[in-house]
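Chemist: Handing you this structure, nothing more for now.
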Amino acid sequence: MIRTAVTGACGRMGTLIIQNILESPDMELSAAFDITNIGMDVGEAIGTGHLGVPVSDPADIQTVIKDTGTQVVIDFTIAVAAAGNVVKAANAGANLVVGTTGFSEEQTRQMHQAIRDNGVAAVISPNFAVGVNIFWELLKEAAGSLDGFDVEIIEAHHNKKKDAPSGTAVKAAQVISEVLGGREYVYGRQGLAPRGDEIGIHAVRGGDVVGDHTVLFFGDGERIEVRHQAHSRQAFAGGAVRAAHWVMEQGAGVYGMADVLGK
Ligand SMILES: NC(=O)c1ccc[n+]([C@@H]2O[C@H](COP(=O)([O-])OP(=O)(O)OC[C@H]3O[C@@H](n4cnc5c(N)ncnc54)[C@H](O)[C@@H]3O)[C@@H](O)[C@H]2O)c1
């Protein structure tokens with residue numbers, strides 16, 4: 001049985017990931033962390049019924065990981081919290097699956113350092129949906145074949161999403177920029193804003209949109225649109241739980257979802 005802990009346990013993704021762990025025959029929920037409902041049974045907090053696992057204070061993450069024999073931690077919280085959780089969990093010797101988005105370069109550097117220093121394995125991805133990882137592959141192919149085309153990225157998410165643009169849109173821009181030998185990013189446009197050679201990135205927020213990403217390649221007299229739409233958060237939760245199984249079999253290092261999928 002893989003002893004699995006969830007940080008952000010009471011959030012939208014954390015709740016669904018716990019449900020996936022409960023349905024997985026070779027996983028068990030070893031611990032749950034959140035800044036709300038501390039001390040309460042996590043199953044009662046998220047509405048699955050009593051699970052016998054309390055919501056622990058993230059401040060105690062190292063001790064709880066060791067006391068509960070946690071082997072892998074799945075984090076879907078918020079960048080500033082995740083950066084700290086990941087460093088402490090790596091220090092406690094746990095493998096990691098990190099779905100949180102919006103990290104600064106410094107936060108990313110600190111997490112990678114802790115993962116390397118402690119010899120643990122981590123899958124870090126701004127999007128665990130299988131289809132999005134194919135979407136990034138399609139973008140590479142399109143960018144490499146559409147010389148001189150203007151590139152714009154539009155992403156839409158629900159009105160509770162905190163960071164913008166989405167980690168998935170940023171990764172899409174990075175993938176395209178790499179193929180094109182480096183491009184500036186322009187986030188939205190206002191006032192005098194003539195188009196240069198940049199990649200435009202636009203974030204739309206509203207309602208209950210789970211996650212839409214469209215990349216437009218504009219040429220003279222034509223355009224191509226490459227689009228991914230997530231219909232349900234299960235696309236992300238299923239991928240994250242798959243990554244948690246996979247990471248248990250890996251040597252130390254930082255991996256992406258493409259590695260999990262063998263791409
Ligand atoms: N990689 C992916 O596939 C993917 C998919 C969906 C969402 N996300 C990202 O996952 C993150 C969470 O999304 P969500 O919709 O579940 O958000 P949410 O706001 O519903 O849940 C976040 C939870 O984290 C908790 N939290 C805050 N600080 C904490 C800390 N220090 N320790 C433990 N828990 C803490 C909050 O109380 C909350 O319950 C966001 O960054 C989002 O962009 C990634």
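Chemist: Given the conditions (1) buried (at least 19 other Cβ atoms within 10 Å of the Cβ); (2) at pLDDT 95 or above; (3) assigned to a helix (DSSP H, G or I); (4) not small (G, A, S), which single one is not true for V73?
Modeler: (3)
Chemist: Would you confirm whether or not the range 46-67 contains a residue that is in a helix (DSSP H, G or I), buried (at least 16 other Cβ atoms within 10 Å of the Cβ), in the same structural domain as M248 (by TED's automatic domain parsing) and more than 14 Å from the ligand (Cβ to nearest atom)? Talk me through it step by step, then tell me what you get.
Modeler: Looking only at the range 46-67, we keep the residues that are in a helix (DSSP H, G or I), and these are 46, 58-67.
Filter again for buried (at least 16 other Cβ atoms within 10 Å of the Cβ), leaving 46, 58, 61-62, 64-65.
Remaining after also requiring in the same structural domain as M248 (by TED's automatic domain parsing): 46, 58, 61-62, 64-65.
Imposing the further condition that a residue be more than 14 Å from the ligand (Cβ to nearest atom) reduces the set to none.
Checked the range 46-67: no residue is in a helix (DSSP H, G or I), buried (at least 16 other Cβ atoms within 10 Å of the Cβ), in the same structural domain as M248 (by TED's automatic domain parsing) and more than 14 Å from the ligand (Cβ to nearest atom).
Chemist: Which count do you get for residues in the range 1-21 that are more than 12 Å from the ligand (Cβ to nearest atom) and either part of a loop (DSSP other than H, G, I, E, B) or closer than 20 Å to P126 by Cβ (or both)? I'd like the intermediate steps shown before the answer.
Modeler: Residues of the range 1-21 more than 12 Å from the ligand (Cβ to nearest atom): 1-4, 19-21.
Among the residues that remain, those that are also either part of a loop (DSSP other than H, G, I, E, B) or closer than 20 Å to P126 by Cβ (or both) are: 1, 20.
Of the residues in the range 1-21, 2 are more than 12 Å from the ligand (Cβ to nearest atom) and either part of a loop (DSSP other than H, G, I, E, B) or closer than 20 Å to P126 by Cβ (or both).
Chemist: So which of I176, I201, I224 ends up being surrounded by 17 or more Cβ atoms within 10 Å (Cβ to Cβ), within 16 Å of S145 (Cα to Cα) and either out of contact with any helix residue (DSSP H, G or I) (no Cβ under 6 Å at 6 or more places or on another chain) or among the β-branched types (V, I, T) (or both)?
Modeler: Numbers: I201 fails: within 16 Å of S145 (Cα to Cα); I224 fails: surrounded by 17 or more Cβ atoms within 10 Å (Cβ to Cβ).
After ruling out the rest, the residue left standing is I176.
Chemist: Hey, another quick one. Output the residue which, of all residues in the range 68-80 that are of a type in the set (A, V, I, L, M) and within 10 Å of the ligand (Cβ to nearest atom), is farthest from the chain's Cα centre (by Cα). Outline the logic, then answer.
Modeler: Filtering the range 68-80 down to residues of a type in the set (A, V, I, L, M) leaves 72-74, 78-80.
Among the residues that remain, those that are also within 10 Å of the ligand (Cβ to nearest atom) are: 78-80.
On the way: I78: 10, A79: 10, V80: 14 Å.
Among them, the one singled out is V80.
Chemist: Only one residue in V241, V179, V215, V209 is among the β-branched types (V, I, T), more than 29 Å from T7 (Cβ to Cβ) and not in a strand (DSSP E or B), so which one is that? Steps first, answer last, please.
Modeler: Numbers: V241 fails: more than 29 Å from T7 (Cβ to Cβ); V215 fails: not in a strand (DSSP E or B); V209 fails: more than 29 Å from T7 (Cβ to Cβ).
The conditions single out V179.
Chemist: Considering only residues of the range 81-97 that are under 19 Å from K162 (Cβ atoms) and more than 8 Å from the ligand (Cβ to nearest atom), which is surrounded by the fewest Cβ atoms within 10 Å (Cβ to Cβ)? Before the answer, list the steps.
Modeler: So in the range 81-97, the residues under 19 Å from K162 (Cβ atoms) come out as 81-86.
Then keep just the ones that are more than 8 Å from the ligand (Cβ to nearest atom); that gives 83, 86.
Details: A83: 23, V86: 30.
Step by step, filter the range 81-97, then rank; the result is A83.
Chemist: Could you list, ordered by first residue, the pairs with Cβ atoms under 9 Å in which the first is in the range 191-206 and closer than 17 Å to G219 by Cα and the second is buried (at least 17 other Cβ atoms within 10 Å of the Cβ) and of a type in the set (S, T, N, Q), at least 6 apart or interchain?
Modeler: Pairs found: I199/S177.
Chemist: A follow-up question, please. Out of the residues in the range 132-167 that are within 20 Å of Y255 (Cβ to Cβ) and within 11 Å of the ligand (Cβ to nearest atom), which is nearest to the chain's Cα centre (by Cα)?
Modeler: G167
Chemist: Pairs please, first residue from the range 73-84 and in the same structural domain as I115 (by TED's automatic domain parsing), second anywhere and within 7 Å of the ligand (Cβ to nearest atom) and assigned to a helix (DSSP H, G or I), Cβ atoms under 6 Å, 6+ apart in sequence or on different chains.
Modeler: Filtered contacts from the range 73-84: I74/A240; D75/N85; F76/M13; F76/G14.
The values are calculated or read from the model by the stated rules, or taken from the named source; none is laboratory data. Predicted model, so just to flag it, every value in this text is computed and none were measured. Quick reminder, even Gly has a Cβ in these numbers, built from the backbone with ideal geometry, and neighbours come from all protein chains shown.
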